[in-house]
Ligand SMILES: [Mn+2]
């Protein structure tokens, strides 16, 4: 069995107010072509189909056309789940009808416990969920209130869920999991690659890869670069097909694409297939004199890419409309920033800057600075839950 693994389409996303829809449609055409060239048996979309729970009508129309092309025109099965950006209940609409044409879409936790059965594999589609969803699910399963109340973190919840999925394993078949979480190589790891937001995910909602070891292969969504894959051979992120923020313009994140996962009785392999951006996102950082020097900018794909420009050591009093001048040279400038190359002294060297801390750590540090005490366990739990809720709304 051969599957195409992609994730985090975020249809309808904008970059500093610029619509990415044309770029997303371009990327989709390439994904479809790869699927056809590789003769895959289905396309896996591991969550965050839309960018928001209530997507705008252009986004809905665009995704409808994409799924139609895959599933109706080319009759390829789709194996999809909702991510934290999707509205699980809304996206659930029509689910049972869609399954009739091989469009398998799970958005609710309880749906994960019915794997999709093929001749040689079981495909478990586990959508994004939070500890509260797990409490509700397990109380419906007859679990006592004391036990459901013990489900505090996503780690607590996932241990129960995985144990129940494993009970459904058919020993004659391969077991594949599609899910949407921050998974790290070990419990202590912190993700510092680009993820949902530009800040660290931290220990907050990240799960250790060891939780998923029972599966033969895990196809993840949530982190937007495949370089964050926690186990290179079998627990992998596909990454988003499109660059979503300026951080991703950094060459170290280059290489958007999808993975072709080939599953046979004795091995599973994955092969990266690149997607070429139509309008690339280029980050430049240089002094004003350099940026406006023809020798420099003639080296750049002016008017063909989007630019995020950081001007170094800039005397702002000299130029009235910096953006307009740069746009004359470069075309679309999606982000403009200023940087001093001379490092400034830090007031509190023992305190990390906000950008390098996870949101929960930041709250903890602030609390400590104000009260002189660490957060108690119930307080920490409250903070965690607030950020889990926020990550769903984001
Ligand atoms: Mn995402």
Kirkwood estimate for the chain, i.e. one over the average of 1/r between Cα atoms, Å: 22.7 Å
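How long is the gain from residue 144 to residue 166 if the chain were fully straight, where each residue apart is worth 0.36 nm and the alpha carbon distance is subtracted? Intermediate results must be reported in sequence, preceding the final value.
Numbers: separation 22, 0.36 × 22 = 7.92 nm, distance 2.19 nm.
Working it through step by step, the gained length comes to 5.7 nm.
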Using the alpha-carbon atoms, what tilt in degrees (0 to 90, nearest 10) does helix 359-371 show relative to the longest principal axis of the chain? 70 degrees
Relative contact order for the stretch 51-187, counting Cα pairs under 8 Å that sit 6 or more residues apart, in percent: 23 percent
Taking N as the number of residues in the stretch 1-135, the ratio of its alpha carbon radius of gyration to 2.2 N^0.38 Å works out to 1.03
By the mean-Cβ-within-10 Å protection proxy, highest first, 75-86, 225-236 rank as 75-86, 225-236
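State, as an integer percentage, the relative contact order of the chain based on alpha-carbon contacts under 8 Å between residues 6 or more apart.
Rounded, it is 15 percent for the chain.
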Dividing the convex hull volume of the alpha carbon atoms of the stretch 199-318 by its residue count, what do you get in Å³ per residue? 133 Å³
Can you tell me how the stretch 94-166 classifies by the Cα gyration tensor, rounded, prolate or oblate, using a/c under 1.5 as the rounded cut? prolate
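Among 338, 137, what is the fewest-to-most ranking by other Cβ atoms within 10 Å?
On the way: 338 13, 137 22.
Least to most surrounded, the residues fall as 338, 137.
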In nm, give the distance between the simple-model label positions of residue 295 and residue 36, each being 7 Å from the Cα along the Cα-to-Cβ direction. 4.8 nm
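What is the calculated FRET efficiency for residue 374 to residue 159, with r their C-beta to C-beta distance and R₀ = 22 Å, to the nearest 0.05?
Values: r = 26 Å, r/R0 = 1.19.
With a Förster radius of 22 Å, E is 0.25.
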Quick check on the chain: helices-only [θ] at 222 nm, where DSSP H runs of length 4 and up contribute -39,500 (n - 2.57) each and the sum goes over total residues. Nearest 500, please. -8000 deg cm²/dmol
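For 97, 306, 9, 288, what ranking results if the residue with the fewest other Cβ atoms within 10 Å of its Cβ goes first?
Working: 97 9, 306 25, 9 29, 288 19.
By the 10 Å Cβ count, ascending, the order reads 97, 288, 306, 9.
Coordinate-derived values only; no laboratory data. The structure displayed is predicted, hence computed values, not measured ones. Positions of Cβ are generated from backbone atoms using ideal geometry, with glycine treated the same way; all protein chains shown enter the neighbour counts.
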